[in-house]
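Reading through the structure tokens given below for one structure.
The values are calculated or read from the model by the stated rules, or taken from the named source; none is laboratory data. Quantities reported herein were computed from a predicted structural model and do not represent experimental measurements. Positions of Cβ are backbone-derived with ideal geometry, glycine not excepted, and every protein chain shown enters the neighbour counts.
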Amino acid sequence: MRVARFDAAVAAGLDAARRQRLFAILRFQDRRERRLLAADGAVDRAVSTTSVGVGVHALTTDGWAGFASTDDCAPSAVARAVERAGALARAAGVRGALANRAVFGLPDEGSRTVPHDYARLHDVSIQHQTDALLAAHEAARALPDAPSVRTTHVLVDEQWRVARSDGTDVSFATPRARARHALTVRRAARPVSASASISGADVSALAATDRLAALDRRTRHALRGALDTHDAPSIAPGSYRVALDYALAKGLAHEAIGHLCESDVDTSPFFRDGRLALGDEIGAFGVSVIDGPVRGDYAFQDVSANGMARGNVALVERGVLVGGLADLFSAEAAGIPLSGACRAGSFRERPVPRMTNVRIVVAGALPLAGSADAVEPEDAADALRRAGLLGRDGGEDGAPFLYLTGYRGGQADPRRGDFVLSAAAAYDLGDGGAPRRAPTLSGLAGRVLRAVRAGVGPLQLDAAGSCGKDGRAVSSSGGSHALLVLDAGPDLIVGGAP
């Protein structure tokens, strides 16, 4: 791996830490990216970037911590970064900062390179990537309604090396790839826009026949939703039965559950007196929320920013809060074990607990006919009707039953526990699948899992995005079943413009 060339810098940094009686964690990052943009049938832009550097955590024997970074990976520069971080750690102690000695109890992970079989950037010719880009681009341009299309292909070839004073020295890769169409159709009143994407660990996620077919399905589905709901009537704000597609369900899992289970958010509704309230019943029986790396996924990372192995963690199991996402510096205070959930998007950032692939799983999922990654309203209605959840005249009691599809982003306040998600399209299945203006879905995180009625179809876990916690972006992914059905309730409101 490319990060193997930092042997001398690792030795210099750890030697500087020993001389100053510090415990050091060195995080080297080598990130290479290629981004292509196609517009109007041709490649409009091709950009390649490289970023290399090291972030340093230095801890005193008392547990005071300091952080420094540099984009100069020469041995002397890394030694100086350790000295700066050590000076900051001692200054923190003088100012009465909280001390944490958990790092001294970490097991030695040894010296190892985690193997991976993903294509590196230099393995992928720009011609191969351009051919795949233009094939997808032309397929989107040929859709009905003659949309204007901008297509992006992004490949990130990223490697990390985490070395610690206890002998741990782990090298690993976090590659990712994404293709995205942004479509616009002109209408008299205002333009109609839609987007669709596919993602994975390397260029095979963008060029394989089955992935291009998935992108085509998702693009047609997204464009249909945008056109159907463009001039549709708005939904009166209120509480309704809803079926969410898996991308919206991923947004729900991420914003309403995952962030509130991170060990550095100790004032969320899932905490009591600064500790995660394990054992609390927060969801319907049969509903689980799981986070962890999924091989081949856009956000795959099975080693933490502190060099620990990361596996799957059940946050909610059959409705009960059973775990959290914990990092080195906040796990003990939160009352949960270390789970290797520490991530950083850049060597310049101090790592914090972050999700990778988060998903909602419902026991006894119901069957679904047709495509699971782009469920049309007719297929949603058919599946719900077969399950007895949708009558001929609407919901079980004739009330509206809304199908929300397409995720346009969301946010949550982990300390208050409220969240809002934006859908791209909506249909009232209780009114024959009539389109409705794209709405928002908002509610209280501590109660939303109680509303889960059913999962429909297989698990779909590739809803990819970016998590901007603390203004620092890392890749994220996840999902649920093809459809997630929620009952109406006063703490779950649909309505309003996104």
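Structure summary
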item: In the range 83-113, the residues that are closer than 19 Å to Val54 by Cα and not hydrophobic (A, V, I, L, M, F, W, C); result: Glu83, Arg84, Gly86, Ser111, Arg112, Thr113
item: Pick from the range 451-476, criterion more than 15 Å from Ile257 (Cβ to Cβ) and among the polar types (S, T, N, Q), ranking: modelled with the lowest pLDDT; result: Ser466
item: In the range 338-365, residue farthest from Ser288 (Cα to Cα) [restricted to those that are among the polar types (S, T, N, Q) and not in a strand (DSSP E or B)]; result: Ser346
item: Neighbours by Cβ (under 9 Å, 6+ apart or cross-chain): first from the range 29-56, within 14 Å of Gly345 (Cα to Cα) and among the β-branched types (Val, Ile, Thr); second assigned to a strand (DSSP E or B) and modelled with pLDDT under 95; result: none
item: Cβ-Cβ under 8 Å pairs, at least 6 apart or on other chains, the range 105-119 side over 23 Å from Asp157 (Cβ atoms), far side in a loop (DSSP other than H, G, I, E, B) and charged (D, E, K, R); result: Leu106/Asp166; Asp108/Asp166
item: Matching entry among Ala38, Ala17 (being part of a strand (DSSP E or B), among the hydrophobic types (A, V, I, L, M, F, W, C), surrounded by 15 or more Cβ atoms within 10 Å (Cβ to Cβ) and modelled with pLDDT of 95 or more); result: Ala38
item: Top-ranked residue of the range 79-99 - restricted to ones that are part of a helix (DSSP H, G or I) and in contact with an Asp or Glu (Cβ under 8 Å, 6 or more places away or on another chain), ranked as modelled with the lowest pLDDT; result: Gly93
item: Arg275, sole failed condition from (1) crowded, with 24+ Cβ neighbours inside 10 Å; (2) farther than 30 Å from Arg112 by Cα; result: (1)
item: Unique residue being at pLDDT 95 or above, in the same structural domain as Arg295 (by TED's automatic domain parsing) and within 30 Å of Thr70 (Cβ to Cβ) when the list is Ser346, Ser339; result: Ser346
item: The listed residue being among the basic types (Lys, Arg), within 27 Å of Pro400 (Cα to Cα) and touching a strand residue (DSSP E or B) at 6+ places or on another chain (Cβ under 6 Å), out of Arg241, Arg211, Arg224; result: Arg241
item: Some residue of the range 338-347 being within 30 Å of Val103 (Cβ to Cβ) and surrounded by fewer than 18 Cβ atoms within 10 Å (Cβ to Cβ); result: yes
item: Conditions (1) at pLDDT 95 or above; (2) under 23 Å from the mean Cα position of the chain (by Cα); (3) closer than 30 Å to Asp228 by Cβ: number failed by Thr356; result: (3)
item: Options Ser422, Ser480, Ser475, Ser442: the member that is free of Cβ contacts under 8 Å to residues at least 60 places away in the same chain and either surrounded by 18 or more Cβ atoms within 10 Å (Cβ to Cβ) or farther than 20 Å from His221 by Cα (or both); result: Ser442
item: Scan of the range 176-204 for residues that are without any contact (Cβ under 8 Å) to a residue 60 or more places away in the chain and over 16 Å from Ala222 (Cα atoms), ordered by number; result: Arg187, Ala188, Ala189, Arg190
item: Identity of the residue in the range 458-472, of a type in the set (D, E, K, R) and closer than 21 Å to Ala445 by Cβ, that ends up surrounded by the fewest Cβ atoms within 10 Å (Cβ to Cβ); result: Asp470
item: Test: residue in the range 128-147 that is more than 30 Å from Ala226 (Cβ to Cβ) and modelled with pLDDT under 95; result: yes
item: Among residues of the range 100-129, those that are part of a helix (DSSP H, G or I), over 20 Å from Ala201 (Cβ atoms) and either out of contact with any helix residue (DSSP H, G or I) (no Cβ under 9 Å at 6 or more places or on another chain) or among the hydroxyl-bearing types (Ser, Thr, Tyr) (or both), counted; result: 4
item: Some residue of the range 48-67 being over 22 Å from Leu133 (Cα atoms), crowded, with 20+ Cβ neighbours inside 10 Å and of a type in the set (D, E, K, R); result: no
item: Selected residue (criterion: surrounded by the fewest Cβ atoms within 10 Å (Cβ to Cβ)) from residues of the range 184-233 that are small (Gly, Ala, Ser), part of a helix (DSSP H, G or I) and at pLDDT below 90; result: Ser204
item: Members of the range 348-365 found to be buried (at least 20 other Cβ atoms within 10 Å of the Cβ) and more than 25 Å from Ile198 (Cα to Cα), listed by number; result: Glu349, Pro351, Val352, Pro353
item: Candidate set from the range 145-157 (those that are surrounded by fewer than 22 Cβ atoms within 10 Å (Cβ to Cβ) and under 28 Å from the mean Cα position of the chain (by Cα)); member that is farthest from Met308 (Cα to Cα); result: Arg150
